[in-house]
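Engineer: There's a structure below that I have some questions on.
No lab work stands behind these numbers, since they all come straight from the coordinates. What you see is a predicted model, and the numbers here were worked out from it, not measured in a lab. Cβ: placed from backbone, ideal geometry, glycine included. Neighbour counts: every protein chain shown.
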Amino acid sequence: MNAQRVSLRRSRHDRIIAGVCGGLGEFFGISPFWFRLAMFIAFIPGGVPGVLIYLIALIIIPNE
């Protein structure tokens, strides 16, 4: 079997801000909507947890 290996990268074509959620969606094989919803929920309590999570992901995950 030749399974295609998908590496974790920020998406260039499925992005709203920087492609973090689009890249996570491609990597895990699910809709980026769910990652965007999780980020939105993390932004609700004052914004700091969501911003921190997003910035860390932005720095760690390389661009496509």
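Engineer: Looking at (1) in contact with a Phe, Trp or Tyr (Cβ under 7 Å, 6 or more places away or on another chain); (2) more than 26 Å from Gln4 (Cβ to Cβ); (3) not polar (S, T, N, Q), can you tell me which one Leu24 breaks?
Structural biologist: Result: Leu24 passes all but (2).
Engineer: Moving on. Could you list, in sequence order, the residues of segment 5-48 that are surrounded by 13 or more Cβ atoms within 10 Å (Cβ to Cβ) and either on the phi > 0 side of the Ramachandran plot or of a type in the set (Lys, Arg) (or both)?
Structural biologist: Correct list: Arg9, Arg10, Arg15, Gly19, Arg36.
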